[in-house]
Every structure is written in C-alpha cells, then in structure tokens.
Amino acid sequence: MYRQVNVEPSQTNLQLILWRESPNEAVKSYRLKTLTYGTASAAYLATRTLNQLADDESKNFPIAAKVVKRDFYVDDLLTGCSSLDSALKLQEDLIELLKRGGFNLRKWCSNKPELLEHLPVQDLSLDPPSLSQDATIKMLGLVWNPQLDVFKWEINFYANASTKRSILSAIARIFDPLGLIGPVIVLAKIFMQNLWSLQLDWDDDIPQPLLRKWQKFGESLAHLNKLQIPRLIYPSQPFTIIELHGFSDASEKAYGACVYIRCSDSTSSATVNLIASKSRVTPLKKCSLPRLELCGALLLAQLASDVQTALRLDSAIFLHTDSTIVLGWIRSPSSHWATFVANRVAKIQECSQIANWHHVPGEENPADLISRGLLAEDILQTDLWWKGPSWLQYQSTSPSNEPSLNLSELPERSAKAVFVTCSSFVSENELITKYSTLNRLVNVIAYCLRYLQNIRRSKDQRILHPFLLPRERQNALDHLIRIVQLESFPEEVSLLKAKKPLLKSSKLISLNCFLDSNGLLRVGGRLQNASQLTADQRNPIVLPVRSNLTKLIIKNEHKRSLHAGPQLLLAIIRQKYWPINGLTQIKKVLKTCITCFRSTSHIHSQIMGNLPSPRVRPSRAFLCSGVDFCGPFLTRLQRRRGVASSKCYISVFVCFATKAVHLEVVEDLTAEAFIAALRRFIARRGKPAIIYSDNATNFSKAASDLKELHSLMSSREAQAAIGRTLSSEG
C-alpha cells in the first residue's frame, strides 16, 4: 500500500539513499518517490490518502466511500453486507474506487465463494483448492475460518516458562481483543499480579506452588484450540427488536463486564450472542466490595457505549448488576456520595441512562465468571457465558423481584457541610491591625468609603472607576489618621475642637498643635512665614507612639526610600508627619526589616596585641619617648597691624611610662629644626634611652645625622683627639 502513495516532489529529497553494489563501484544516490515503511508519518499519510480518495469519489461511489473511511484499518479492509447482491455491488464499487487511486485490492477472502469466483487467483488470500473446512486466515490477529465462518484460537503452550519474563511473554501470546475468552484471560492476569506482589526479578524462578499452578493453567489452554465462535451475531432472518444487554460483577480478585446482543421478533424466542467483555484485576491496596462493584459498573457503561458506537445501533440498552448498593448509588445524584463513589457515579450517568440499570441475581449474572475466572476446559461447556442467563431467551429483564432500596442506609454518603454565619461588629481599629502593608489597608478603606458614598448618591453621580482615584486614597488615609489620633489623644482633640488651650500635662503641649479643616492634629511650629514650603512641611501631621498605623507608615516610607537609615528616614517622614518619639519608633521598625538585616555588615573586633615593655615597666620620665609633629599654626612676632603671619609647628614628646607630654615650638619641618628642639628637650628632661617616631622626612634626616655623628665620635681618630684634649685640659 505504501508504495502506491507518491510523495510530493518537493519532499523527496528527504528520502535519499546512498547505495552501491560493490566496493569498486561509485556511490549512487537514490531518491524514494513513494512512502517508505518505517517512517513516522507513513501510516498517517497512507490513511489520509485513502480518506481523501473516498472524499473525491463519494459522488460516484457513495456506499463504497463510507466503507473505505469506516472499515479500513491501515491496509486491511474488514466489511460485510446483509445480502449477496449488495456484497457483490459493494465489492465492484470498492475495486473501481480504489483503482482510481492506484490501489489494487488483493488477498480477498469471504465466507461466500460466489464473491471470489470472478477474481484472479493471485488476488485471493487462499487458493481455491485449499478452501476446506480447516483452512484459516488471520484477520487483524484473529484466526478466522471462512468456510465455517467462525473464530478459532491456535495456542501453543510453552511448558518451559518458569520466570516472570517468560510467563509474561506466554500470556501476551493469547490474543483476545474482544474478550470472548475473558474468564480464561483474567486467570492469567490474577496470576501475573501475584508474581508482582512477590517482588521477583524478571529472570528469577518462581516458587514451586505457583509454578505447578501455572503449569495446570497452561495445560488447560490446549482446550481453546477446540473452541469455535460464530462470527455472525445477526441471524439471517429479519428481526424487529434488537437489544444490547450488559452485565457487571466484582470479586476480591478482579472485576469485569460483558455485553450481549439479543435479537427477537414478536412470535418466536430470541437469539442471544456474546459480543465483547473486559476485565480488570483489583488493586493491591484493599478496597471494599461495593466499590469494586461500582468500578465494574463503570467498566460496563463504557464498554456498552463503545459497542453501540461500533455496531452503529440505535437500540435499547439494558445494564445489569447484582449489587443493590451500586444501583442505589447510580440512581441518586453523584453529589450525595463520597469522592471515590461520586466521581465514578458521575461518569456512569454520563455514559448511560439511569433507567437502563436493572438488578440481576448473582447466580444468573454471567459477569460473575469473568470476575472469578474459568479454566479453558470449563468455559467450553458454560452456556451462561456464551448465551447469558436463560431468561434472556424470553424477556429483557430478570423475572426475579428487584430488592427494595433504602437510600438513607447506603454507605459512602458524603458529609454535609453546615455553614453558620455570625454577624459581629468589626471596629475600624481592628482593620488597622489586620493588614501588614499600608497600601492594602488604604485600598480596603478607600473601597469601603466609595461604597458608602455610592449608596447615598444617584446612579449618574456614582464613582464606577475600575481603579481607585488618588483623592480617594488620600481621603482613606486621612480617615485612618483621624481614628488613631482620636484614640491616642481624645482629650487634646476635644479641647481643640472647643477652642480651648491644652493642659500643661499634655504630651503635645510643646508642639503648639491645632486642628486643620479635615480634623487632623498638626504641629504648629514657627514656620508659618516659610512660603516656599508646602503645608505638610510647615505643619506636619501628628502620629501617636503606640499605633499600628504609625508602624505601617514607617515601613512604607522605609521601602520607598530604598531602606534608608534611621536619621535619613526620620527626615523623610517629617516632610509630612511628626511621629511622637519618632527616632525610637523608627529604630524599632528597622530592627524587623529582613532586607536591612541581611545587608548590614557585622564588624568583627580584632584582638589587641600585648603592650610593649616600656609601656608596662616603671622608669624615669621620658626615658622611653615618642615624638611627632602637629600643626601648622599661624603666629605673629609682633601684635601690630600689618605684620605678616608665619607658620610654626609643635614637636610633641610623650613619655611611654607616665604619659607625660613635653611640647617644643619648631619653626619649620627641617631636620635642623627638629634637632634643635631635641636638644632643648634633652636639656630640660634628660637624655632618653629610646625615641620612637614615624617615617617623616625630618625624622629620617635627623636620625641619619645623629647616626653619622655617632659613627664619627666612635672612630679612632675622634677618640684620640678627644683623649688628647681632655688630657691637656687636665
């Protein structure tokens, strides 16, 4: 089929192949012009081509076009007709329709030889001599005998399967897409679940008791080769009533559902055939049996809906279960039950009608077989599985009386929530302590004030903006400030309203406070004539000490100023507000700021070293000294006018032991001036043993001069001269 679908020429470069017959030949490139098997888009493009061909030829072959779009599975066509004449006409139309698209139908097979007589032998799936009662073909994985028109199974049991991997492989070989041998398959599912619960590795040998159980199950599979299931579920004679009957059941090991078709007329008994079944093993986590029954009912509702859609039937549906609890759940609104039950009941009510559900006794329920399982030799002789309960031959519902339901006693009822509303008065001060940011608090109060204003106004005067206006936010903030001022300073506000002076014991006596036109307490001060300042700067609003609103204002300004320090933040706040004891309040708020805490560096104090020995040993004053210069200082030699000032410096000598200070005036910073000051110091305080200084140039030059003098005096010539002089002087 793929090779009959051409690829767009502009896309063929995506299918290039390099090839050569032998290493001696040059490499040739081949461009594939048709669909290539194995590419991701091949299946879609082939199916899309068939659908497009059916759409193009729908006017010429309307019935065949519907069959192409409905009954093709990739390149396999499975379809049928109710009569031989209509089948011949459909066959002719299909061949002609697909030939126009370049598709040649081959591998024809039918249960009527008349449909194959005029076809070439090479286009047949089975050669005419082989059309015996034993000849079979595989039709989408199902073994079909066209002469007997029955489905069969060809199962080879692998007795050597003894590990989880080999057993799973053997189970997967039992192909049953319709669930016709569902009771046998469910035994394999239950066995595999038991292996998983043992937590064995893939190639570990299973325990001997399980191995013997598996071998017994595998040996019984050979009986399935004897099974023959008629493909025809609609009898050849016309029927006036066609019904779908479904059954569900559950056990502690599995739950499942099966669907039958019932065809009857008004004179004779009905014909009942199994169509499909499905099964699921129960979860390893324990679950109550009513819940498992509900899962089986949901599986049945979905399976019956799928079967009705596949068969294109507009017939009555009867769904049966042997659980009265499940019937009670389904017949009540899903909101009455707990979550697990409510979710599944809602899906069941979506897939089926509540009136379609009926009760069936457990012994007459064929789904009981699929929930418990049957061995292969037992399923061959079980009419309950193949034909359903016996009463289906005569009527649509069970003749036994349906048990009464008491909905009030059903389990899994959801707990009813009872809401009690208690209205209480919430003061405005509680609103202030409720919110942690100033913006949110102001927004809430602003919307409340807008609502109060709107209900007092006519519709054309109401404020309906989606956002708050700046004046609304300002009015809300002023309202909050009035509240906290009235709570903290009730006496002061009442005296100022009466235009009386404040008491001398008042905390606001030094601020010369007054009430403005909005009823806010403001600082009087002495800046009334400062016209360049704003009204808030001249007369800031008073904020009380212990108020949550004051803290919110401080936090808000702290974030707006990018986490300013206490002094800067106080200056910013005082542009509009005057918080009482403001610096203390600001420091308390800043201690709670996480951003400032994380960014504040911690200074580590260094451990001081030991003091030098001259600092701790008693000695004569200035025996060990330190020297440095300070200045310059401006001096005048005379006190007359017009005398120019000159610079001078002070040489500071400090005793290490007593901390005594000796000062000497020095004219300049030359080494000669320092040596002269040193001579005066020595003359007054005595010769020091050690003198410490920094690396100033005058000190360095003086030190070098003194070292040079010392080296000169220490020479032999100087010593000899000094000796001769002292000797001559007596």
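Nothing in this text is a laboratory measurement; each read-out follows from the coordinates by a stated rule. Everything numeric in this text was worked out from a predicted model, so none of it was measured. In this analysis, Cβ positions are derived from the backbone assuming ideal geometry, glycine residues included, and neighbour counts consider all displayed protein chains.
See the values below:
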quantity	calculated
Qualifying trypsin sites (Lys or Arg not before Pro) in the range 652-685, DSSP loop, other Cβ atoms within 10 Å at most 11	LYS659
DSSP-assigned coil residues among chymotrypsin sites (Phe, Trp or Tyr not before Pro) in the range 16-61, each with at most 11 further Cβ atoms within 10 Å	TYR37
The range 616-725: C-alpha gyration tensor shape, a/c 1.5 cut-off, then a/b vs b/c	oblate
Least to most buried among LEU496, LEU480, LEU168 (fewest other Cβ within 10 Å first)	LEU168, LEU496, LEU480
HIS710, HIS336 arranged by Cβ crowding within 10 Å, fewest neighbours leading	HIS710, HIS336
Matching label, Cα Rg over 2.2 N^0.38 Å computed from the structure shown, candidates [x] 0.94; [y] 1.99; [z] 1.86	[y]
GluC sites (Glu not before Pro), loop per DSSP, at most 13 other Cβ atoms within 10 Å - longest free stretch of the chain	253-728
q = 0.11, 0.18 Å⁻¹, the range 414-569: log10 I(q)/I(0) [Debye, one scatterer per Cα]	-0.60, -1.27
Those trypsin sites (Lys or Arg not before Pro) in the range 21-109 that DSSP places in a loop and that have at most 15 other beta carbons within 10 Å	LYS33, LYS59, ARG106, LYS107
From phi via Karplus (6.51, -1.76, 1.60), per-residue ³J(HN,Hα) for the range 582-599 in Hz, x at Gly/Pro	x, 5, 5, 5, 5, 5, 5, 5, 5, 5, 8, 7, 5, 4, 5, 5, 6, 8
Cross-link partners of LYS687 among lysines (Cα-Cα below 27 Å; sequence separation of 8 or more within a chain)	LYS659, LYS701, LYS707
Cα-based reach from LYS99 at 24 Å (exclusive), listing lysines while leaving out same-chain residues under 8 positions away	LYS33, LYS59, LYS66, LYS69, LYS89, LYS107, LYS112
Fewest-first sequence of MET1, MET713, MET139, MET608 by Cβ atoms within 10 Å of each Cβ	MET608, MET713, MET139, MET1
Charged-residue dipole, Cβ positions (Lys, Arg, Asp, Glu), the chain about Cα centre, Debye nearest 20	7600 debye
Column: log10 I(q)/I(0), Debye, Cα scatterers of the range 539-666, q = 0.15, 0.18, 0.21 Å⁻¹	-0.74, -0.94, -1.20
Computed over the chain: relative contact order in percent, which uses C-alpha pairs under 8 Å that are six or more apart	6 percent
